[in-house]
Amino acid sequence: QLKGHTACTINTASNSAFGELLVTELIYDGVLTPLDPAEAVALLSCFVAQEKDDNEPNLTPALEKAKEQLMSWCSSLAMMQQELRLPDISEEGAAKELRFSLVEVVLEWARGTPFDQICLMTNALEGGIVR
């Protein structure tokens, strides 16, 4: 019951409830707990980033582990939805909804790196970074 209430209060850029379910599971599974605040914000940026970029970000070891856990939850939830015949999302489609291209940029911004230096780290437009 508490998980359901939590999921209802979360808003991601996802076109389905999948992102909200995934964030809820990350919270209750403690995936964010070992991360410092900047790393947690950086990881969560993959749910709202709209920029499509094939460049792999350089992640801290803690962020890399959290990303692996996130992808594992993503796979589990997608398979569960398929088993229950919910027409929501496929495992492949779920992974495509997560965009990790700005994780490194958000991490540096949260750590206080000046915005002009952050803009040099990516080919994303300034508005896409701020959003």
Practice task
Determine if region 96-115 includes at least one residue that is on the phi < 0 side of the Ramachandran plot and modelled with pLDDT under 80.
Solution key: yes
Problem - Options Gln69, Gln81; residue that is open to solvent by less than 90 Å² (accessible area, probe 1.4 Å) and at pLDDT 90 or above - result: Gln69
Handout entry: Verdict on Leu2 being open to solvent by 30 Å² or more (accessible area, probe 1.4 Å), within 24 Å of Asn123 (Cβ to Cβ) and at pLDDT 80 or above
Key = no
Fill in the blank from the handout: In region 56-88, anything closer than 16 Å to Leu35 by Cα, over 12 Å from the mean Cα position of the chain (by Cα) and polar (S, T, N, Q) is listed as Asn58, Thr60
Exercise for the section: State all residues of region 111-129 that are part of a loop (DSSP other than H, G, I, E, B) and open to solvent by less than 60 Å² (accessible area, probe 1.4 Å); if no residue qualifies, say none. Expected result: Gly112, Thr113, Thr122, Ala124
Problem - Residue list for region 36-61, filter: open to solvent by 40 Å² or more (accessible area, probe 1.4 Å), at pLDDT 90 or above and touching a helix residue (DSSP H, G or I) at 6+ places or on another chain (Cβ under 6 Å) - result: Val41
Handout entry: Identity of the residue in region 11-35, of a type in the set (Val, Ile, Thr) and either assigned to a helix (DSSP H, G or I) or buried (at least 17 other Cβ atoms within 10 Å of the Cβ) (or both), that ends up modelled with the highest pLDDT
Key = Val31
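The values are calculated or read from the model by the stated rules, or taken from the named source; none is laboratory data. All values reported here derive from a predicted model rather than from experimental measurement. FYI the Cβ positions are ideal-geometry reconstructions off the backbone, even for glycines, and counts take in every protein chain you see. These accessible areas exclude ligands, DNA and RNA; they are computed on the full protein's heavy atoms, side chains included. Shrake-Rupley method; radii C 1.70, N 1.55, O 1.52, S 1.80 Å.
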